[in-house]
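Asks: I am attaching a structure below and will ask some questions about it afterwards.
The values are calculated or read from the model by the stated rules, or taken from the named source; none is laboratory data. Please read all numbers here as calculations on a predicted model, not as lab measurements. As a convention, Cβ positions derive from the backbone with ideal geometry for all residues, glycine included, and neighbour counts pool all protein chains shown.
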């Protein structure tokens, strides 16, 4: 980051239509994450919470809610419908699909101008995009095309392909 972290966070939040908060054990103990959430709440920026507690039991998550040092994000998101990815497997898992649809419904209700007309179609296309795939051929194809010393690299090459796909498939 080329700027002070607080300047960067403020810049991003003041230009955001909503804040998607991915609550996890690491998020709860990050002072900067909590500051960002407090700022969004104080500024009236819509908040969309997502639970990312992996395989933790309900009691383990509740222990974070009862601990003063980690309870504030739960207080600031209380009463807001959240996407719960607990135990979800990325891709076609019903838990994943349900949680992802909840998040998209929240986005649709809070910032509708950014959602495609059909959330269901969007979710299925996004799931297709998120499904894991064997990237060996992609890397091999890149290695054939790469010319040492050129601008970009594998990251740029892969991202440009993903962006083209997203534009044509998700929003096209």
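Asks: Would it be correct to say that residue 41 is on the phi < 0 side of the Ramachandran plot and touching a residue at least 12 places away in the same chain (Cβ under 8 Å)?
Replies: Yes: the conditions hold for residue 41.
Asks: Here's a follow-up. Identify, by number, the condition in (1) surrounded by fewer than 17 Cβ atoms within 10 Å (Cβ to Cβ); (2) closer than 22 Å to residue 31 by Cα; (3) in contact with a helix residue (DSSP H, G or I) (Cβ under 8 Å, 6 or more places away or on another chain) that residue 86 doesn't meet.
Replies: All conditions are met except number (2).
Asks: Name, by its number, the condition in (1) surrounded by 12 or more Cβ atoms within 10 Å (Cβ to Cβ); (2) modelled with pLDDT under 90; (3) in contact with a helix residue (DSSP H, G or I) (Cβ under 9 Å, 6 or more places away or on another chain) that does not hold for residue 8.
Replies: Result: residue 8 passes all but (3).
Asks: Can you find, within the range 35-44, the residue that is surrounded by the most Cβ atoms within 10 Å (Cβ to Cβ) among those that are under 21 Å from residue 106 (Cα atoms) and in contact with a helix residue (DSSP H, G or I) (Cβ under 8 Å, 6 or more places away or on another chain)?
Replies: My answer is 37.
Asks: Out of (1) in a helix (DSSP H, G or I); (2) under 17 Å from residue 24 (Cβ atoms); (3) touching a strand residue (DSSP E or B) at 6+ places or on another chain (Cβ under 9 Å), what's the single condition that is false for residue 101?
Replies: (2)
Asks: For the range 62-75, give me each residue that is in contact with a helix residue (DSSP H, G or I) (Cβ under 9 Å, 6 or more places away or on another chain) and closer than 20 Å to residue 99 by Cα.
Replies: Matches in the range 62-75: 73, 74.
Asks: For the range 36-82, which positions are over 15 Å from residue 19 (Cα atoms) and part of a helix (DSSP H, G or I)?
Replies: Listed by number, the residues that qualify are 58, 59, 60, 61, 62, 63, 64, 65, 66, 72, 75.
Asks: Return the only residue of 29, 21 being closer than 26 Å to residue 108 by Cβ and within 20 Å of the chain's Cα centre (by Cα).
Replies: Testing whether each residue is closer than 26 Å to residue 108 by Cβ and within 20 Å of the chain's Cα centre (by Cα) leaves just 21.
Asks: Could you tell me which numbered condition residue 48 fails, if it satisfies all but one of (1) within 18 Å of residue 102 (Cβ to Cβ); (2) free of Cβ contacts under 8 Å to residues at least 60 places away in the same chain?
Replies: (2)
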